[in-house]
């Protein structure tokens, strides 16, 4: 299951990069926007790789905002990359919540 979370995370990163670079803004602004969109997710990679429960918890909270943005993007543009990004975020959130729940059950 850890491989599935990492795969969803990488697909989410690539989807966000694709959507962000498709916005018609000046190059410097586009790169800054890309960095701001990807940085929090990139910071989570070491914790996901090590399967740290704390990373799963804060990433699950963060993904809610990304899912909201992806829903807006899907409704506004209806592009396949936006739909794939939304799907990757939803699947990753479901997997993270199962990891968090499984960790609580093992402590009891």
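Readers should treat all values here as calculations from the given coordinates under stated rules, not as data from a laboratory. These figures come from a predicted structure and were not determined experimentally. Counting neighbours? That spans all protein chains shown, and the Cβs are built from the backbone with ideal geometry, glycine included.
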Which distance in Å, rounded to a whole number, links the C-alpha centroids of segment 4-24 and segment 47-77?
11
What is the helix-to-structure angle for 27-43, meaning the angle in degrees between its Cα long axis and the longest Cα principal axis of the chain, kept from 0 to 90 and rounded to the nearest 10?
10
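How do 54, 66 rank when sorted from fewest to most other Cβ atoms within 10 Å of their own Cβ? Please list the in-between numbers first.
Details: 54 9, 66 23.
Neighbour counts put them in this order, fewest first: 54, 66.
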What spacing in nm lies between the two simple spin-label points modelled at residue 42 and residue 71, each 7 Å away from Cα in the Cβ direction?
2.8
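Take the Cα atoms of the chain, build their convex hull, and give its volume per residue in Å³.
Working: hull volume 9.4 nm³, N = 108.
It is 87 Å³ per residue.
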